[in-house]
1. Any residue in the range 204-215 that is open to solvent by 60 Å² or more (accessible area, probe 1.4 Å) and over 23 Å from residue 98 (Cα atoms)?
2. Just give me the residues in the range 210-264 being touching a Ser or Thr at 6+ places or on another chain (Cβ under 9 Å), assigned to a loop (DSSP other than H, G, I, E, B) and of a type in the set (A, V, I, L, M), in sequence order.
3. Which number in (1) open to solvent by less than 10 Å² (accessible area, probe 1.4 Å); (2) touching a Pro at 6+ places or on another chain (Cβ under 7 Å) marks the one condition that residue 53 misses?
4. Tally the residues that are touching a Leu at 6+ places or on another chain (Cβ under 9 Å), open to solvent by less than 20 Å² (accessible area, probe 1.4 Å), more than 15 Å from residue 211 (Cα to Cα) and in a helix (DSSP H, G or I), restricting the search to the range 23-45.
5. Please identify the pairs in which a residue from the range 1-21 that is closer than 23 Å to residue 262 by Cα has its Cβ atom under 9 Å from the Cβ atom of a residue that is small (Gly, Ala, Ser) and open to solvent by 10 Å² or more (accessible area, probe 1.4 Å), counting only partners at least 6 apart or on another chain.
6. Test each condition in (1) in a loop (DSSP other than H, G, I, E, B); (2) touching a residue at least 40 places away in the same chain (Cβ under 8 Å) for residue 195 and report the one that comes out false.
7. Six or more apart or on different chains, Cβ under 9 Å: which pairs go from a residue in the range 241-259 that's open to solvent by 60 Å² or more (accessible area, probe 1.4 Å) to one that's charged (D, E, K, R) and part of a helix (DSSP H, G or I)? Could you list them?
8. Residue 68 passes all but one of (1) of a type outside the set (S, T, N, Q); (2) more than 25 Å from residue 234 (Cβ to Cβ); (3) in contact with a helix residue (DSSP H, G or I) (Cβ under 7 Å, 6 or more places away or on another chain); which number fails?
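The values are calculated or read from the model by the stated rules, or taken from the named source; none is laboratory data. Just so it is clear, the model here is predicted, and its values are computed rather than measured. Using ideal geometry, Cβ is built from the backbone for each residue, glycine included, and neighbour counts are taken over all protein chains shown. Ligands, DNA and RNA are excluded from the accessible area calculation, which covers all protein heavy atoms including side chains. Shrake-Rupley method; radii C 1.70, N 1.55, O 1.52, S 1.80 Å.
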Amino acid sequence: MLIDSHCHFDFAPFIDAPEHYLTLAKNAGVKRIVIPSVGERNWHVVEQLSRQFDELYYALGLHPFFSHEHSEHALPLLKEQIQKVTQDSDTYRKKCVAIGECGLDFTIVNADKEQQIELLSEQVALANQFDLPVILHCRKAFPELMKVLRKNPPIAGGVYHAFSGSYQQAKQLIDLGIKIGVGGTITYSRASKTRHTIASLPLVELILETDAPDMPISGFQGEPNRPDRICNILRTLASFRVESEQVIEEVTTLTTAELFRISL
């Protein structure tokens, strides 16, 4: 049994044929999928998908890449939406499992860094208020991200999505209770530094993800990524770690389920 901890299942091509892609995932052993949101425009969609399909879970957040879309009312609306979800204890326990995707992205041309930092800080505060983990996105802003997290550590932990950094960076995150998201990057032989880092970390600190339909894995360049291809990531991970594929599957699945409080 596998969990895809990060898949934008509300994007094309999945939204056009969700039953088909869920069948592919199930046949590959992927039994749970977490859908991060990007902003107000898709909160309702990810919630509805998760209500419709037992395999799907979701997170509510404000993605930094789409910061130009976030209105001045985005944070109050996010808090209102989370409050609404948490009023239904069953929905809260089983379906809305995190705050995210949130973080910092300084690769954006003319990025409003102060706005991004404020939005991230407030979302971490919301995560702590509602006892939820955070799903973190970060590009070219690691020192600034760590400053925010150290100022207000996520009490329910979280995951650093699509990690490709150094061992020292990973250790800083782990020390704050943040898991390391392992995705398609490791399927490329040129990613030797990332592979070395991932091989050096405790297995209990790793969780698997596809970021589908983004981050295509090696051999499928130019195609939308899919949740079932998390099996390729698992096989690659087992090829350079000491543990067997079965052990990695069991441990990463349990770690992901515990982080997001997903029943297995």
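1. no
2. Once the filter is applied, which keeps residues that are touching a Ser or Thr at 6+ places or on another chain (Cβ under 9 Å), assigned to a loop (DSSP other than H, G, I, E, B) and of a type in the set (A, V, I, L, M), the range 210-264 yields 215, 217, 262, 264.
3. Result: residue 53 fails condition (1) only.
4. Residues in the range 23-45 being touching a Leu at 6+ places or on another chain (Cβ under 9 Å), open to solvent by less than 20 Å² (accessible area, probe 1.4 Å), more than 15 Å from residue 211 (Cα to Cα) and in a helix (DSSP H, G or I): 1 in total.
5. Close Cβ pairs (under 9 Å, with a partner that is small (Gly, Ala, Ser) and open to solvent by 10 Å² or more (accessible area, probe 1.4 Å)) amount to 1/29; 2/28; 2/29; 6/162.
6. Only one criterion in (1) in a loop (DSSP other than H, G, I, E, B); (2) touching a residue at least 40 places away in the same chain (Cβ under 8 Å) is unmet by residue 195, namely (1).
7. Close Cβ pairs satisfying both conditions: 245/235.
8. Exception for residue 68: condition (3).
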